[in-house]
Structure formats: C-alpha cells, structure tokens
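Written out below as structure tokens is the structure these notes cover.
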Amino acid sequence: MERKSLLVIIVLFILSLIAAIVGTSIGSDYISPLHVLQTILKVGAGDYDFVVLTLRLPRVLLSLLVGAALGMSGAILQGIIRNPLASPDVIGITGGAAVAAVGFVSILGGTISIKLLPLFAIIGALVTALVIYVLAWKKGVTPIRLVLIGIGISAIMGAGTTFMLILSPFYTAGQAYIWLTGSIYGASWLDIRTILPVIIIVVPLAMWFARSLNAQEFGDDVATGLGVTVQWHRSLLLLCSVLLAGIAVAVAGTIGFVGLIAPHIARKLVGRMFGSLLLVSGFVGALLVLSADLIARTAFLPLDVPAGVFTAGIGAPFFLYLLFKNRNQF
C-alpha cells in the first residue's frame, strides 16, 4: 500500500473516531465530549449512561457501519462492472433486499420473529443479484449487460415493493415507508451485533481479491492473460457486494446513493488501486451516513427525519452530474 493511501486511511480513521464522539455529544440535550468518553469508558458518575449507551452510541455506531458497508459495496460493484454509475441501489440489489423485507413485514409480520428480517433482506438481495447475473450471462457476463439488466430489475423491485405496500395494513405501510426512506432511528446493540460479523467476514474476503479487481480494470482479456479466473472472481466479488448491501438495508432501510458517492470521493483521495480504495470508500461512506443521520435527528427537532432523505438530496444531483460527465461513453 502506498504511503499516501496509508496516511489517508489513518486520517479518515481518526476523523471517524472524532465524528463518533461529537455525534454522540449532540442531540436534544448537549453532552460534552469529555462526559461521553467517561461514560463509554465507565469512569464517570453514570449520569449519562442511558442517553449515551442506550440511545445515542448504538445509533452513531450503526450509522458508521451501515455507511461503511454501503460504501465498500459500491466500490466493489463499480470495480467489477467498470462503470462509475453502478451502485447497489442503482442496479437493484438494495431493491431486492427492500422488497423481501417489506414482504416479510407485510405478509409474515407478527407470525414469526422480527429478528429474522435481516435474513430475509439478505436472501432478497442474493436472489435478485442471482437473477441479474443469470439474465446478464451470455458466454460470460459483460459489465454493460449487467448494469442495464440491473436497472430493469431495479424498476421491477420498486414496483413489487409498491404493490406490497398497497396490500399492507395502513399502520404497517406507514412504518414500511419510513424504513424504505432509510432511517437509523431506533438503532440498538442488536443491530450492531447483526451487521458487524458480516463486515468482519466479507471485507477481508474482498481485500483478498484486490489484485484480481485491479487486473479486471484493464479488461477481461488482459485480466485472463494475467492469470485471473475472471468469471469466478467476479461472481465472488459480486457476492461480497450483495452481502454488504443486503445487511445494510436489513438494519437501516434503503439509504440511497452512499454506494455511488463514496467510491468517487475515495478515488479522488487514493486513486484506483482497489486495496486502498475499498477501505477509503468504507470510511467515506461511514462519515456520509453519520453526517446525514446527525442532521436528520438534530436539524428539525422534535422531528426525526430519515437519514436517507439527505443522502438522496446529495446523491440524486450527483448521479445526474455523472450521467452528464460520462454522456459520451454510453
């Protein structure tokens, strides 16, 4: 790893720690960062235990983990598709997770444990990715076929989600709408324990294939000539991207455009080498979602606006900018 990339990663790590402490401090009542640290380290008087350890810290940590998962998922996807417009939400992976989760709440809600919701969301994302991959297969999978079919599947998933919402009871539909917008509201330590193991397992696996993805940047023929088993590695990397996006959607809803924006910012910071790009995309995604959620829960008190509203507000114009910038490549 280059010295510049290592320095960027260290700086982003320190920024994430500072942002986590500051984010825990700010809320309807301000708590000084010193008291936050004392509460976390269990050296204080315990006056802020409930607010810090039960209400704010899980939410801040979940924001960071969800953003990291989405950012890394987007970086992997843009690498294997070789398309700057690709992201889990654009090609329908998060849509698959969403339709499965809404179906779980609407059809099975109350009959089986809500703890199974993440499993359904991940299965939805996996099935959707498999359908996209099979439909895109024609003696191998080309990036352009994958992204075009993904956009079509995304539209179908959106229609399926809307149909289930229409069939749902009024209260359930209202809750599902908030979840679909993407919200960290109500985050708990259970959510942290749900998403963290997936990130710990998937990220090293994706890092293992960093050289393969670097080779694929030069095209399938060059990668094959360098000894890369392109289709096998592409399938495994797609699985990594799907798992990261699926678990993020499962615990926080469809927070859009993070997987699109974070890799672009990361590429400006450390270039295109996948080993460092993946980690930096994770840190940038984490800071994006944490910032969005901080604004969402403090700017319109006593309302708690879904964080996805703010990521979409930034991401949609950015997507249009990318479309305009790359208009000659399509």
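If a residue must be farther than 15 Å from Gly71 by Cα, at pLDDT 85 or above and open to solvent by 30 Å² or more (accessible area, probe 1.4 Å), how many such residues does region 263-297 contain?
Of region 263-297, the ones farther than 15 Å from Gly71 by Cα are 271, 273, 293-297.
Imposing the further condition that a residue be at pLDDT 85 or above reduces the set to 293-295.
Applying the additional criterion that residues be open to solvent by 30 Å² or more (accessible area, probe 1.4 Å) yields 294-295.
Number satisfying all stated conditions: 2.
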Which of (1) at pLDDT 85 or above; (2) of a type outside the set (S, T, N, Q); (3) within 12 Å of the chain's Cα centre (by Cα) does Leu53 not meet, given it meets every other one?
-> (3)
Residue pairs within 9 Å by beta carbon, gap of at least six or interchain, first lying in region 295-316 and among the aliphatic types (A, V, I, L, M), second modelled with pLDDT under 75 and loosely packed, with under 14 Cβ neighbours inside 10 Å, listed first then second, are none
Hey, among Leu320, Leu287, Leu294, Leu303, which residue is under 18 Å from Asn83 (Cα atoms) and of a type outside the set (Val, Ile, Thr)?
-> Leu320
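Could you grab me the full set of residues in region 235-271 that are free of Cβ contacts under 8 Å to residues at least 24 places away in the same chain and either over 19 Å from Ser63 (Cα atoms) or in contact with a Phe, Trp or Tyr (Cβ under 9 Å, 6 or more places away or on another chain) (or both)? Can you show your working first?
Residues of region 235-271 that are free of Cβ contacts under 8 Å to residues at least 24 places away in the same chain, as a first pass: 265, 267-268.
Result: Arg267, Lys268.
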Matching helices (runs of 4 or more DSSP H) fully within region 172-260 where at least 3 residues are within 16 Å of the chain's Cα centre (by Cα) and within 21 Å of Met273 (Cβ to Cβ) | 189-208, 230-252
Which residues, taken from region 91-110, are more than 20 Å from Thr194 (Cβ to Cβ) and surrounded by fewer than 24 Cβ atoms within 10 Å (Cβ to Cβ)?
-> Ser106, Ile107, Gly110
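The values are calculated or read from the model by the stated rules, or taken from the named source; none is laboratory data. Given the structure is predicted, the values throughout are model-derived calculations rather than measurements. No Cβ is skipped: glycine too gets one built from the backbone with ideal geometry, and neighbour counts run over all protein chains shown. Please note that ligands, DNA and RNA were not included when accessible areas were found on the heavy atoms of the full protein model with its side chains. Shrake-Rupley method; radii C 1.70, N 1.55, O 1.52, S 1.80 Å.
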